[in-house]
Amino acid sequence: MEKASNRQRVLLGHLRSSSAPWYNNHESSLSASDCLAEGSAAYGDDVVVVAAYRTPQCKSKRGGFKDTHAEDLLAPVLKALIEKTNLDPREVGDIVVGSVLAPGSQRASECRMAAFYAGFPETVPIRTVNRKCSSGLQAVADVAASIKAGFYEVGIGAGLESMTVNSRAWVGDVNPKVKHFQKAQDCLLPMGDQAAVDSHRKAAAASASGRFKDEIIPVTTKIVDPKTGDEKPIIVSVDDGIRPNTSLADLGKLKAVFKKDGTTTAGNSSQVSDGCCRCIAYEKMCCYAQRATHPWCIQSICCCWAAGLDLEDIDLFEINEAFASQFVYCCKKLELDLQKINVNGGAIAIGHPLGTTGARCVATLLHEMKRRGRDCRFGVVSMCIGTGMGAAAVFESGDGSDELCNAGKSKATISYPGIRDSPTGMIRARLGLLLTSQGHTVPSYSPSICSGKRIAGVGELRFRVFTSQPIPRRYSAGTQAQETGGWESKTMPANLCF
């Protein structure tokens, strides 16, 4: 208990520092109390997200940010973090910004300038990261990992994208070798238009009721009249891509964009947008996973398992709606409760500035979890990533007592059908998150694993791990779990095999 209290005092001390005269007159609105839950993970190396804010997201080339420089999107959110939390900017160990389309060195320089505009000293470093659509989430995960590693105590993870300024994902010629490989199959699902309508409907309701107010930082910028060249100052405070009157009939009139007989249209795809989001993290992000395997939705499962949870334990999901077909596929494949998913709409309505979306989903999720209070304990952010990858993260609300950590360690044998005749290195790569997150260690592989051969008569590869908490016994339809002599055997559902 004393250790937890000391840590809370250290963190709050960063927020109440009086060394920065231009904001030291504000009292911090943050407070903390001792967690009385026995064996709480709060006594370990949890990472706490204390604030998450974003700009509105506006239509690329036509919206409120069409004449706004990228650094002018980032700076207001950085400054808001300082002002709203009374953070001493000198305490920040690193700022990590997810970005996709801008050249790496250019975007890194823009972010550095934005940090100076916001009042950060030159001693605070900054870098960018690119994992395509999950870049913003990857930035938050990188900060969490660095805090857990002890590199620093306070960090900021963010996402930034101006698809007006940087609109091309690929500059130059494509290697002709690509023509010799089979193209990725488009996911054709007829329910995509309905998902798009639902996204706009939920986002419109959330915006009208003020549910985005706490997460959006209004931005003062300018807009240029394309005919006269005159500049007009404006304040952008709402997402401008939401269309509350979208209907199935309207979407049904749109042409397919990828192939003539396809079902993916501009109406059931995410919007090309400009925007920025920032999350400030301290020394509770439970777990993070990224995968390069089919199906892409598998990362949500592995992330929940690594956090000691089942999908049924999750109260809210933020799944990025890159395309309606991909979104519906994930919901159906994971058999999720639609009442828990994207309750305030998603990227089809709000927009998808590539580098920003991961962090934006985190901000939207955490503010919704806060509104729901004790009735909402666990949330998941999940998304597909270009070139056939996926990422997910589990967050726990501070209002709930923590049961993730259990006294003692459990032995488990986990079997995954479908990973057959694979080299040991590939097994480690595919299951690395499950084996290393939350204190997992691997003492040794059995001979069957070392040789990369499947166990005779079983058709599955099995390995042993020591975990800091029991492997979830309960999962979803098709799961088989049993205990034998203190060991637990778990088989992944056949429809979710690697």
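Coordinate-derived values only; no laboratory data. The shown structure was predicted, so the numbers you read here are calculated from the model rather than taken from an experiment. Backbone-built Cβ (ideal geometry, glycine too); neighbour counts: all protein chains shown.
Here are a few things to note about the model shown:
- Here the 3J(HN,Hα) profile of the stretch 201-211, calculated from phi with Karplus coefficients 6.51, -1.76 and 1.60 at θ = phi - 60°, is 5, 5, 5, 5, 5, 5, 5, 5, 8, x, 6 Hz, Gly and Pro shown as x.
- Pairs exceeding a 30 Å alpha-carbon distance, out of Lys132/Lys227; Lys202/Lys227; Lys202/Lys255; Lys222/Lys370; Lys79/Lys148; Lys202/Lys370: Lys132/Lys227; Lys202/Lys227; Lys222/Lys370.
- The amide H of Lys222, built 1.01 Å from its N in the peptide plane, has Ile234 as neighbours under 5 Å, considering only residues 5 or more places off or on other chains.
- In terms of other Cβ atoms within 10 Å, Ile156, Ile235 run from fewest to most in the order Ile235, Ile156.
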